[in-house]
Amino acid sequence: MRLRPIDKNRYSKHYKVVFGAIVLALIVISLSTSALLIRVFSEPEASHFVQNLAGVVAAGLLVLYAVYRLRHHPFMDEVVYVWNLKQQLNRIYRKQRKIEPLIEENNLDAMVIMNYFYQGSKQLYQLDDNTITLDNLAINFNHLNDRLEQAELKLTTDDYDPGMLDQF
């Protein structure tokens with residue numbers, strides 16, 4: 001996955017609309033489905049737990065299907081990009097303890113992965129207004145850049161390939 005510039009305002013607006021639509025759809029579908037199931041398959045005095053659960057499950061499945069089908073729509077572009085970026089960064093984060101020490105050994109793959117991780121995290125933090133952790137991220141990124149200069153290497157985020165993580 002390649003990093004690309006994202007308009008923060010557009011992303012924020014689209015994220016809020018998508019999230020709001022998902023919440024609204026879940027509420028409307030689950031309540032209406034539950035009410036229909038209770039009316040058709042239950043008695044007034046009985047517990048309606050199973051019907052309510054079925055309504056929630058049906059709503060979840062329908063919303064999941066709708067999001068899956070609409071993920072390629074231009075309106076969803078930024079939201080899907082950030083979702084995919086978060087998944088990729090999470091994959092790296094889970095292996096970070098094995099990867100970071102290899103930077104000191106000038107392991108090229110480790111440097112490429114962590115360069116992508118730091119720059120992707122920076123983009124994500126800025127999009128989500130998470131400025132608290134930017135200082136800590138900058139320290140780690142500067143350390144990596146120092147190691148790259150010592151090794152006389154130039155890296156870009158385009159050098160990253162998700163398959164690189166398989167070796168760690």
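The values are calculated or read from the model by the stated rules, or taken from the named source; none is laboratory data. As the structure is a computational prediction, the values presented were derived from the model and not from experiment. Cβ coordinates were reconstructed from backbone atoms using ideal geometry, including for glycine residues, and neighbour counts include every protein chain displayed. For the accessible areas, the whole protein counts, side chains as well, though only heavy atoms, and no ligand, DNA or RNA atoms are used. Shrake-Rupley method; radii C 1.70, N 1.55, O 1.52, S 1.80 Å.
A few notes on this one:
- Y160 being in contact (Cβ under 8 Å) with a residue 12 or more places away in the chain, open to solvent by less than 20 Å² (accessible area, probe 1.4 Å) and either among the basic types (K, R) or within 25 Å of R4 (Cβ to Cβ) (or both): yes
- Any chance Q126 is buried (at least 16 other Cβ atoms within 10 Å of the Cβ) and within 17 Å of the chain's Cα centre (by Cα): no
- Pick from the stretch 28-54, criterion surrounded by 14 or more Cβ atoms within 10 Å (Cβ to Cβ) and closer than 30 Å to S12 by Cα, ranking: farthest from the chain's Cα centre (by Cα): L31
- Unique match (being in a loop (DSSP other than H, G, I, E, B) and touching a helix residue (DSSP H, G or I) at 6+ places or on another chain (Cβ under 9 Å)) among I113, I92, I99, I132: I132
- Where I103 falls short, out of the listed (1) more than 16 Å from the chain's Cα centre (by Cα); (2) at pLDDT 95 or above; (3) closer than 27 Å to D128 by Cβ: (2)
Okay, residues lined up against (1) part of a loop (DSSP other than H, G, I, E, B); (2) in contact (Cβ under 8 Å) with a residue 12 or more places away in the chain; (3) within 30 Å of F117 (Cβ to Cβ):
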| residue | (1), (2), (3) |
| --- | --- |
| G20 | no, no, no |
| S32 | no, yes, no |
| Q51 | no, yes, no |
| A54 | no, yes, no |
| A59 | no, yes, no |
| Y68 | no, no, yes |
| H72 | yes, no, yes |
| W83 | no, no, yes |
